[in-house]
1. Can you confirm whether the stretch 49-58 contains a residue that is at positive phi and either modelled with pLDDT of 95 or more or among the hydrophobic types (A, V, I, L, M, F, W, C) (or both)?
2. Six or more apart or on different chains, Cβ atoms under 9 Å: show the pairs whose first residue is in the stretch 29-47 and under 14 Å from residue 67 (Cα atoms) and whose second is surrounded by fewer than 17 Cβ atoms within 10 Å (Cβ to Cβ) and polar (S, T, N, Q).
3. Please go through the stretch 1-22 and pick out each residue that is in contact with a helix residue (DSSP H, G or I) (Cβ under 9 Å, 6 or more places away or on another chain) and surrounded by 10 or more Cβ atoms within 10 Å (Cβ to Cβ).
4. Determine, yes or no, whether residue 5 is in a helix (DSSP H, G or I) and under 15 Å from the mean Cα position of the chain (by Cα).
5. Which one is surrounded by the most Cβ atoms within 10 Å (Cβ to Cβ), of the residues in the stretch 42-74 that are over 14 Å from the mean Cα position of the chain (by Cα) and hydrophobic (A, V, I, L, M, F, W, C)?
Amino acid sequence: MDDSLSDGFRAVARRMREAAREALAPWDVTPAQARALGTLLRAGPLRLGDLADALRIAPRSATEVVDALEGGGL
């Protein structure tokens, strides 16, 4: 992949992350938290390890996401 293509890809990815954060800001939810909520809405209750697997993140990261959601009353 040439440098201009990879630079363009990174710029688009950065802008998408920024847009997601802006869109979720009114609800005080991060993109990671929104992904977790979406997964739980589709799958129903999950054990923490199963949620981590579904999100393709480390169990410790899933714990942090769930703790933040719980702390925010979600």
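1. yes
2. Once the first residue is under 14 Å from residue 67 (Cα atoms) and sits in the stretch 29-47, its partners that are surrounded by fewer than 17 Cβ atoms within 10 Å (Cβ to Cβ) and polar (S, T, N, Q) give 32/61.
3. 17, 20, 21
4. No, not satisfied.
5. Among them, the one singled out is 46.
The values are calculated or read from the model by the stated rules, or taken from the named source; none is laboratory data. From a predicted model like this one, the values you see are computed outputs, not experimental measurements. Please note: Cβ atoms are built from the backbone with ideal geometry, for glycine as well, and neighbour counts cover all protein chains shown.
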